[in-house]
Amino acid sequence: MTENESSIVDSDDFTVRRTITIAASIEKVWATITEATHIARWFGQSAVLDTVAVGAVGTFSFDGYGTFPMRIEECDPPRTIAYRWGDGNPHAVDPFEPDRSTVFRFVLDVVDGGTQLTVVESGFGGLSDPAASMESHRGGWDAELDELVAYLDGGS
């Protein structure tokens, strides 16, 4: 398994970023970050996604944290996909409003021996506690992307 660097917080740009290398084809990584059955195996405990296209909606659920609405903001197979996810407030009129959501964007590139995946999550500046949210998500991306690598190494 490839050893990957940890996520970093950019407090000036209100982003969290992580780049990892995965010993799998770009097509396999694409399927793993866009198909609900695969997403649920490494990112939280369940995922619902009706289709993979801009405007498609669904949810991501995490034990102990709840269910979060999501919407695809950008989709350019098999290179780029961006998800906007809300804060999980069930009373929100619009769970995707900028002050209640962030966007995480995956970019895939073919590299020797596999695929390089970069995730950049942005939009923390409008949240009630940007610093705490960025730190929480930094740790989340470390754990979740390590699970993605382990899932693909397991022969998914």
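For the chain, modelled as a GNM whose springs connect Cα atoms under 10 angstrom apart, the maximal fluctuation among PHE43, PHE124, PHE14 occurs at PHE14. With a cut-off of 15 Å between beta carbons, the residues surrounding TRP141 carry a summed charge of -4, where Lys and Arg count +1 and Asp and Glu -1. Extension gain for the segment HIS91 to ASP146, taken as residue separation times 0.36 nm less the Cα-Cα distance, is 16.5 nm to one decimal.
Quote the relative contact order of the chain in percent (integer), defining contacts as alpha-carbon pairs under 8 Å separated by 6+ residues. Relative contact order for the chain comes out at 27 percent. Heavy-atom accessible surface of SER11, to the nearest 10 Å², is about 70 Å², with a 1.4 Å probe and all protein chains retained.
State the label only: which of (i) 8.7; (ii) 9.2; (iii) 10.5 corresponds to mean projected area of the Cα convex hull in nm² computed from the shown model? Computed from these coordinates, mean projected area of the Cα convex hull in nm² corresponds to label (i). Between 0 and 90 degrees, rounded to the nearest ten: what's the tilt of helix 130-153 against the longest Cα principal axis of the chain? So the inclination is approximately 30 degrees. In this structure the stretch 11-156 gives 47 Å² per residue of accessible area when probed at 1.4 Å with all protein chains present.
Counting only helical runs of four or more DSSP H residues, what would the 222 nm mean residue ellipticity of the chain come to if each run contributes -39,500 (n - 2.57) and the total is spread over all its residues?
-8000 deg cm²/dmol
When a 1.4 Å probe is rolled over the protein heavy atoms, the share of accessible surface on the stretch 11-78 that falls to carbon and sulfur comes to 49 percent. Once the Cα-Cα distance is subtracted from the 0.36 nm per residue extended length, the THR37 to SER122 segment shows a gain of 28.1 nm. Could you state the number of Å between the C-alpha centres of the stretch 1-58 and the stretch 71-127? When both Cα centres are located, 9 Å separates them.
Across GLY139, GLY113, GLY58, mean-square fluctuation computed from a Gaussian network of the chain (C-alpha pairs under 10 Å connected) peaks at GLY113. Report the label-to-label distance for ASP129 and ARG79 in nanometres (one decimal), using points 7 Å from each Cα along the Cα→Cβ vector. Label-label distance for ASP129 and ARG79, simple model: 3.9 nm.
Residues considered: VAL107, VAL16, VAL54. Largest GNM mean-square fluctuation over the chain, using C-alpha springs under 10 Å, is found at VAL54.
The values are calculated or read from the model by the stated rules, or taken from the named source; none is laboratory data. On a predicted model such as this, the values are computed, not experimentally measured, just so you know. Note that each Cβ is placed from the backbone with ideal geometry, even for glycine, and that neighbours are counted across all protein chains shown. Accessible surface areas use protein heavy atoms only, side chains included; no ligands, DNA or RNA. Shrake-Rupley method; radii C 1.70, N 1.55, O 1.52, S 1.80 Å.
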